[in-house]
Amino acid sequence: MLPFRVAICFVGTTTLTTLTFVIGLLPDNWTLKKKLNDHASKFSFRLLSRAFSAIVTYHQIENKPMKNGICVANHTSPIDVVLLACDTSYAMIGQVHGGFLGILQRALGRASSHIWFERSEMKDREAVAKRLKEHVEDLSKLPILIFPEGTCINNSAVMQFKKGSFEVGGVIYPVAIKYDSRFGDPFWNSHEYSMLQYLYMMMTSWAIVCDVWYLPPMTRLSGESSVDFANRVKAEIARKGGLVDLDWDGQLKRAPAKREWKQKEQLKYSKKFSSSPRHIAPLECKNDSPNPST
């Protein structure tokens, strides 16, 4: 099966590159360009999904993001993008890559508006937020797909959502993704496997079986902070996907915990003792021995 799947991956990549190149030659103000890009994107990504025998079930499609806004989802694997793009066209945001991912990024950028940043620019939060806000406010743009965890998590939990995408404003379209690991483990541990090694693992697995839930659109409440909004969206995604809702930062797998995080957890732990209903009465020392002076 591997040679056949590699051939499908090659054909899918070639198709995506060719179609987006042709569509990119059309004028931006041409109405037909957007429709052609939508059909070409879905067709190409569906072809790519066949390279690892993806079986995806989409639930609550009435909530599928159709207009401008931000689509946020939990993140397990790079193929999350492929599986979501099989059903809906999205604008992407992320760091500029080389290699295979770079080929796909350049191909997608020719036919539609995506936001790619150099590594140095990604550290500038104001620049990222400005470009993101401009994209969301443009009604002609596709909904932008973001994975707020910022890293791949092992298909069992949803970890801390970065607040940046929840500060921009606009409508948030939550999406829950849950894989069935009995047929193939989709989690990508980038410390252990390169992208090519990971793709080899996916193509040699039996199948990639996945459920996707489109949740009702959510907006930030009056007086609600971006952190609270992010946690509220995260909780809904975790509940729908049957995942554990954790406050931990997913980047802890790459770096030790910051000092302030440790102090915060220590403070919580100490409060458990201070608020405990148990009170130990002080011991009274009794001297039952006879008084030698009497």
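One line per residue, one yes/no per condition, for (1) closer than 30 Å to Val136 by Cα; (2) buried (at least 19 other Cβ atoms within 10 Å of the Cβ); (3) within 14 Å of the chain's Cα centre (by Cα):
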{"residue": "Phe166", "(1), (2), (3)": "yes, yes, yes"}
{"residue": "Ile172", "(1), (2), (3)": "yes, yes, yes"}
{"residue": "Asp185", "(1), (2), (3)": "no, no, no"}
{"residue": "Met195", "(1), (2), (3)": "no, no, no"}
{"residue": "Tyr200", "(1), (2), (3)": "no, no, no"}
{"residue": "Ile208", "(1), (2), (3)": "no, yes, no"}
{"residue": "Thr219", "(1), (2), (3)": "yes, no, no"}
{"residue": "Ala238", "(1), (2), (3)": "yes, no, yes"}
{"residue": "Gly242", "(1), (2), (3)": "yes, no, no"}
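Among the residues of region 187-222, those identified as assigned to a loop (DSSP other than H, G, I, E, B), touching a residue at least 12 places away in the same chain (Cβ under 8 Å) and farther than 23 Å from Cys9 by Cα are His191, Leu215, Pro216, Pro217, Thr219, Arg220. I'd like the residue in region 15-45 that is part of a helix (DSSP H, G or I) and loosely packed, with under 14 Cβ neighbours inside 10 Å and, out of all such residues, is nearest to the chain's Cα centre (by Cα). Selected residue: His39.
The residue pairs whose first member lies in region 11-37 and is without any contact (Cβ under 8 Å) to a residue 12 or more places away in the chain, whose second member is surrounded by 15 or more Cβ atoms within 10 Å (Cβ to Cβ), and whose beta carbons are closer than 6 Å, counting only pairs six or more residues apart or on different chains, are Leu26/Lys33.
Every residue, every condition in (1) within 23 Å of Phe45 (Cα to Cα); (2) in contact with a Gly (Cβ under 7 Å, 6 or more places away or on another chain); (3) open to solvent by 10 Å² or more (accessible area, probe 1.4 Å); (4) part of a strand (DSSP E or B), yes or no:
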position	(1), (2), (3), (4)
Val82	yes, no, yes, no
Ile103	yes, no, yes, no
Pro148	yes, no, no, no
Lys178	yes, yes, yes, yes
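Restricting attention to region 221-236, the residues that are open to solvent by 50 Å² or more (accessible area, probe 1.4 Å), under 18 Å from Asn74 (Cβ atoms) and either more than 19 Å from the chain's Cα centre (by Cα) or of a type outside the set (Lys, Arg) (or both) add up to 3. From the list Asn37, Asn63, the one residue that fits, being polar (S, T, N, Q) and touching a helix residue (DSSP H, G or I) at 6+ places or on another chain (Cβ under 9 Å), is Asn37. In a residue-by-residue description of region 54-67, the property of being closer than 13 Å to Leu145 by Cβ, crowded, with 18+ Cβ neighbours inside 10 Å and in contact with a strand residue (DSSP E or B) (Cβ under 6 Å, 6 or more places away or on another chain) applies to at least one position.
For (1) under 22 Å from Val175 (Cα atoms); (2) open to solvent by less than 60 Å² (accessible area, probe 1.4 Å); (3) under 17 Å from the mean Cα position of the chain (by Cα); (4) at pLDDT below 75, each residue gets a yes or a no:
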site: His114; (1), (2), (3), (4): yes, yes, yes, no
site: Arg131; (1), (2), (3), (4): no, no, no, no
site: His135; (1), (2), (3), (4): yes, yes, no, no
site: Cys152; (1), (2), (3), (4): yes, yes, yes, no
site: Asn155; (1), (2), (3), (4): yes, yes, yes, no
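The values are calculated or read from the model by the stated rules, or taken from the named source; none is laboratory data. These numbers come from a predicted model, not from an experiment. Backbone-built Cβ (ideal geometry, glycine too); neighbour counts: all protein chains shown. Side chains included, ligands, DNA and RNA excluded: accessible areas come from the protein's heavy atoms. Shrake-Rupley method; radii C 1.70, N 1.55, O 1.52, S 1.80 Å.
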